[in-house]
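Visitor: One structure follows; several queries about it will come next.
The values are calculated or read from the model by the stated rules, or taken from the named source; none is laboratory data. Only a predicted model underlies this, so the values are computations on that prediction, with no experimental measurement involved. Neighbour counts are summed over all protein chains in view; Cβ atoms, including those assigned to glycine, are modelled from backbone coordinates with ideal geometry. Quick note on the areas: whole protein, heavy atoms, side chains included, nothing else; ligands and nucleic acids left out. Shrake-Rupley method; radii C 1.70, N 1.55, O 1.52, S 1.80 Å.
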Amino acid sequence: PGKNLETFGISTCSGVLGARPGHFAYLAHISPRDQIYGGRDTDLLGQMLMRIQTFDIHPSEVRDVSFTVVAPHLETLHAIIGRLIEEGFLLSQIRIMYMPDAETARVQYDCQDNLLTVTWQMTEAQEPYVQQLEDGLLLSDIVKDLMAQDNQAMNGS
């Protein structure tokens, strides 16, 4: 706690933050050579999850952990979400920060105050776009919205 985490240059790669605010945080900068992309060189998400589940939380604290996926693409989203769900985490614990028009992203996280800042660099001619943790989308909210839209379509509304 009290430490800040930072990574930059997220473009063809993905960033994943796993945190229990005030207790611990891990920030992985996952390259296309990682297992999440189908590679064999690393398994950063697997290492993060093993560390969290083995050393950082008691099984009763699993719901206190949150994850944020940061990427300007959707290539790894399915694999990351699938892995988190396999490990027993809920959609309400996963947040997405996605900016398809960005060239790159910088991620900064203050564990003590639970402050996440993602600075998206668009083209060189454009000003960076900044998002905070609350700007990210919770997967549980996305699913609820999709279900509501589906119900409206089925009811002809």
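Visitor: In deg cm²/dmol, rounded to 500, what helix-only [θ] at 222 nm does the chain give when every DSSP H run of at least 4 residues adds -39500 (n - 2.57) and the total is split over its residues?
Guide: -6500 deg cm²/dmol
Visitor: Find the centroid of the Cα atoms in the stretch 63-86 and in the stretch 135-157, then give the distance between the two in whole Å.
Guide: The distance from the Cα centre of the stretch 63-86 to that of the stretch 135-157 comes to 19 Å.
Visitor: For a quick check of your reading of the filter: which trypsin sites (Lys or Arg not before Pro) in the stretch 67-157 sit in a DSSP loop and have no more than 10 other Cβ atoms within 10 Å?
Guide: none
Visitor: Still on this structure, please answer the following. Among DSSP bridges having both ends in the stretch 1-102, what percentage is antiparallel? Round to the nearest 5.
Guide: 65
Visitor: Let me ask another. Could you provide, to the nearest whole Å², the per residue accessible area of the stretch 9-156 with probe 1.4 Å?
Guide: On a per-residue basis, the stretch 9-156 sits at 55 Å².
Visitor: Where does the charge balance sit around residue 99 when Lys and Arg score +1, Asp and Glu -1, over other residues with C-beta under 15 Å from its C-beta?
Guide: -3
Visitor: While we're looking at this one, here's another question. Can you list, bin by bin at 5 Å, the percent of alpha carbon pairs in the stretch 1-154, starting at 0?
Guide: Computed distribution, short to long bins: 2, 9, 18, 21, 21, 15, 8, 4, 2, 0.
Visitor: Give me the net charge of residue 29's neighbourhood, meaning all other residues with Cβ under 13 Å from the Cβ of residue 29; Lys, Arg count +1, Asp, Glu -1.
Guide: 0
Visitor: Based only on Cα atoms, what Rg/Rh ratio does the stretch 1-65 have, Rh being taken as Kirkwood's radius?
Guide: So for the stretch 1-65, dividing Rg by the Kirkwood Rh gives 1.00.
Visitor: Using Cα springs under 10 Å in a Gaussian network model of the chain, which residue among 82, 136, 46 shows the largest mean-square fluctuation?
Guide: Of 82, 136, 46, the Gaussian network model singles out 82 as fluctuating most.
Visitor: OK, next. Based on Cβ point charges of +1 for Lys and Arg and -1 for Asp and Glu, what charge dipole magnitude is obtained for the chain about its Cα centre, in debye rounded to the nearest 20?
Guide: That gives a dipole near 380 debye.
Visitor: Let me ask something additional. Residue-wise, which Karplus ³J(HN,Hα) couplings in Hz belong to the stretch 80-92, taking 6.51 cos²θ - 1.76 cosθ + 1.60, θ = phi - 60°, and x for glycine or proline?
Guide: The phi angles translate into 5, 4, x, 5, 5, 5, 4, 7, x, 8, 9, 4, 5 Hz.
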